[in-house]
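What follows is calculated from the coordinates using simple rules that are stated; it is not laboratory data. Since the model is a prediction, treat every value here as computed from it, not as a measurement. A quick note on method: Cβ atoms are made from the backbone with ideal geometry, for glycine too, and the neighbour counts reach across all protein chains shown.
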Amino acid sequence: MMQLTGGIIVIIAFAAIIRKYETRTVLLVAGALMCFIGGVMGQFMDSFVKTMIHGSLVPTICTVMGFAFVMKHTECDQHLVHALSGLISKSHAIIIPLAMLVTWWLNIAVTSAAGAAILAGTWGSAISPGNTHVAFISKMANVDVMFVVLETALPAIIASLVVAVSLTLVAAFRKEGPSKARQEALAEQGTASIVSKFKVNGLKAMAPIVPLVILVVTNLNIAALKDMGIAKVSVPAAMIIGCVVALIIARAHALEEVTKDFFKGMGDAYGSIIGLIIAAAVFTKGMQAMGLTDALLTYMKDSQSFAKIAGSFGPFIIAILSGSGDAAALAFNGAITPHAASFGMNMVDLGSLAQISGAIGRSTSPVAGAAIICASLANVGPMELAKRNIVPMLVGVITFLILF
């Protein structure tokens with residue numbers, strides 16, 4: 001009876017999220033209700049507080065967002081976006097796969113789908129050191145953030161190439177792509193693209209990727225760096241170094257304003273991202289109290305394939321319906337992924353499979369913010385973009401299933 005009641009609460013919670021009710025509110029209320037019914041309200045508060053003050057999760061996510069706000073203040077993010085946009089506009093023959101891949105790589109450095117709104121490539125942020133889920137998985141598996149990134153990078157890159165090729169084949173089948181006739185038609189409608197007069201500063205364009213380069217280089221165990229006494233750099237340290245470099249390059253004189261923006265970014269990250277993780281932790285505790293976690297584990301223990309399918313297609317489908325895979329991925333990773341070893345997997349692989357599948361689903365969703373932006377730019381409905389992307393994105397998820 002407890003499991004049935006818990007199952008109904010979980011279904012209602014995800015239905016509410018799909019209908020666009022505030023995610024943190026839904027997860028907190030559902031989690032609290034399940035903890036109350038399960039008679040473990042004390043664990044509700046323990047889970048809330050423990051996540052709220054986590055020693056590695058909070059500094060990582062908050063400093064990444066602080067860095068993002070500094071990039072915005074100094075306009076370094078715009079220089080990077082315009083630099084890569086210029087590359088795309090000059091490559092007509094391969095514009096579709098190049099646009100997707102450039103956006104994918106850009107989202108690793110600039111972790112905002114709206115900041116580089118080419119829908120199919122916006123899931124590149126899934127392997128960014130500043131990604132919420134990467135930090136969550138590293139905490140859960142008790143490994144460094146960069147270990148998760150480097151462990152996941154190769155499958156993610158392969159999947160991105162598969163998606164790019166699939167998108168190109170879809171465009172070829174539909175006889176789409178750049179053409180003189182299409183350009184003339186757009187010009188007649190008054191919607192032809194206007195060449196930007198934005199003057200790109202190469203140094204400013206490089207600033208957003210400075211922390212990423214530092215993190216990758218210092219985590220590759222290069223012998224020469226060890227001989228020089230250069231140790232691994234943490235994510236918070238890399239972000240602060242990146243901020244200093246950006247200030248020097250941009251010659252920002254208003255240090256006080258930049259500092260305010262940095263801490264404003266940290267505050268926003270705590271309220272939105274850490275708040276979501278806290279709510280998901282409470283929701284997971286509620287699932288445990290109702291016996292749902294044990295029931296799911298019993299079904300999965302004898303089947304690695306079932307665990308992989310549930311971990312990939314669950315977040316993928318919910319992300320398509322709701323425009324965000326965060327809630328489903330966090331709930332799955334909080335409840336099931338810690339027990340990955342019991343069905344023949346490790347936490348990093350299963351956790352990454354769930355979170356990246358959710359990110360790919362978001363890039364397919366007609367109600368995601370990036371989809372709405374892209375649709376308005378292309379002068380079509382968001383559903384048109386979703387229909388065009390569904391097959392390549394599905395191929396991407398299947399690629400992950402095979403690689404993991």
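The table for this structure:
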| quantity | calculated |
| --- | --- |
| Local electrostatic count at Lys50 - Lys and Arg +1, Asp and Glu -1, tallied over other residues with Cβ under 13 Å | +1 |
| Counted charge near Ala319, where neighbours are those whose Cβ lies closer than 9 Å (Asp, Glu -1; Lys, Arg +1) | 0 |
| Full-stretch length increase - Asp268, Leu255 - with 0.36 nm per residue and alpha-carbon distance subtracted | 2.7 nm |
| Spin-label pair Lys50/Ile230, simplified geometry with 7 Å Cα→Cβ offset, distance in nm | 3.9 |
| Estimated inter-spin distance, Thr298 and Asn379, nm [label 7 Å along Cα→Cβ] | 5.9 |
| Rounded, prolate or oblate (a/c below 1.5 giving rounded, otherwise prolate when a/b exceeds b/c) for the range 302-404 by Cα gyration tensor | prolate |
| Over the range 274-404, relative contact order from alpha-carbon pairs under 8 Å, at least 6 apart, % | 26 |
